[in-house]
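Before any comments, here is the structure.
Quick note: the coordinates plus some simple rules give every number you see, no bench work behind them. Keep in mind that what you see is a predicted model, and the values were worked out from it rather than measured. FYI the Cβ positions are ideal-geometry reconstructions off the backbone, even for glycines, and counts take in every protein chain you see.
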Amino acid sequence: MKTALVTGANKGIGREVALQLAKKGFHMFIGARNRHAGRKAAEEIAKQGGKATFLEIDINYNESVTGAAHEFAKIVDHLDVLVNNAGIMMDGDDAILKISDDLVRKTLETNTLGALRVTRAFVPLLAKSKAPRVINVSSGGGQLTGGADGWSPAYCISKTALNGVTSQLAAALPKFAVNSVCPGWVRTDMGGRNATRSIEEGADTIVWLAIDAPQELTGKFLRDREEIPW
Ligand SMILES: NC(=O)c1ccc[n+]([C@@H]2O[C@H](COP(=O)([O-])OP(=O)(O)OC[C@H]3O[C@@H](n4cnc5c(N)ncnc54)[C@H](OP(=O)(O)O)[C@@H]3O)[C@@H](O)[C@H]2O)c1
């Protein structure tokens, strides 16, 4: 059975990706730092006929991440798809010359280092897959092409850096498909209710990269199943 791990799968885009992959027959690992919310999301997927296991993981802490990889390996022997979806946008992230170092550091800790940390811990399990895939959920806000517009600078910098992580991992892991995705502006707790896309639309390219995209497609940044500039 194919396996997939989604971080931040207790709500938003992550939960939808997990549900869709479960419906496609994956044994889903519901990565979440909040036990109650993570278990609930796994139960909801199971109620709809999918196979889902809650995996406690706080991507900010190396111990939590390596512990999660250890727990995972007790249950199955390989990981086919890793979706680094967990992310934050902190309150007050609104003017590059006003934000604190602490706000920038915390944002990078989760959005950039978190994805690298999880990938590093799960590479041995991914390497046991016939076609390993890593999908980093980034943002068009991290694009350098076209220039910044001043919105949420720490968040955007963290996603630019995440795209750098994607490119570096693609070079380091030539047998893997490693890509960044912009889901568009999506109606979640982060995106808000005025966002232009449904959660299903936000999940689409991520699910496509997990299942249907060519394995040779790697080291790219995508939106709507198409490559976009960094
Ligand atoms: N929504 C948009 O318009 C949009 C646009 C572009 C990119 N994205 C990206 O899409 C991804 C998902 O966003 P979303 O809109 O679905 O946001 P969301 O509803 O706020 O969900 C974020 C998820 O990340 C989890 N998370 C945050 N920090 C974590 C940590 N240290 N360890 C484990 N989990 C952690 C949250 O867990 P808790 O519930 O415990 O906080 C939650 O499950 C993010 O990477 C975001 O940057 C979103």
Practice problem: Let me know the shape class of the chain, please: from the alpha-carbon gyration tensor, a ≥ b ≥ c as square roots of the eigenvalues, rounded when a/c is under 1.5, otherwise prolate if a/b is greater than b/c, or oblate. | Solution: rounded
Exercise. May I ask for the angle, rounded to the nearest 10°, between helix 62-75 and the longest principal axis of the chain, with both axes built from Cα atoms and the value confined to 0 to 90°?
Key: 20
Self-check item: Dipole magnitude (debye, nearest 20) for the chain, charges at Cβ of Lys, Arg, Asp, Glu
Solution: 620
Exercise. Please report Rg over Rh for the stretch 155-210, where both radii come from the alpha carbon positions and Rh follows the Kirkwood definition.
Key: 1.06
Self-check item: Efficiency of FRET from Cβ geometry, D212 and N34, R₀ 22 Å, rounded to 0.05
Solution: 0.10
Practice problem: Give me the distance in nm between label points sitting 7 Å out from Cα along the Cα-to-Cβ direction at N60 and D102, one decimal. | Solution: 1.2
Quiz prompt | Additional length obtainable on full extension of the chain from K175 to A73, 0.36 nm per residue less Cα span | solution = 34.6 nm
Self-check item: Per-residue ³J(HN,Hα) for the stretch 98-105, Karplus 6.51 cos²θ - 1.76 cosθ + 1.60, θ = phi - 60°, Hz, x for Gly and Pro
Solution: 10, 6, 7, 4, 4, 5, 5, 4
Quiz item: Given a Förster distance of 45 angstrom, what is the FRET efficiency for R120 paired with N194, based on the Cβ-Cβ distance and rounded to 0.05?
Solution: 0.75
Quiz prompt | Percent antiparallel among DSSP beta bridges (both partners in the chain, rounded to 5) | solution = 5
Self-check item: the chain - mean residue ellipticity at 222 nm from DSSP helices (-39,500 (n - 2.57) per run, n ≥ 4, rounded to 500)
Solution: -12500 deg cm²/dmol
Quiz item: What angle, in degrees between 0 and 90 and rounded to the nearest 10, separates the Cα long axis of helix 153-172 from the longest principal axis of the Cα atoms of the chain?
Solution: 50
Quiz item: Ranking Y155, Y61 by Cβ neighbours within 10 Å, fewest first, what do you get?
Solution: Y61, Y155
Practice problem: Would you mind telling me the antiparallel percentage of the DSSP bridges in the stretch 125-230, rounded to 5? | Solution: 20
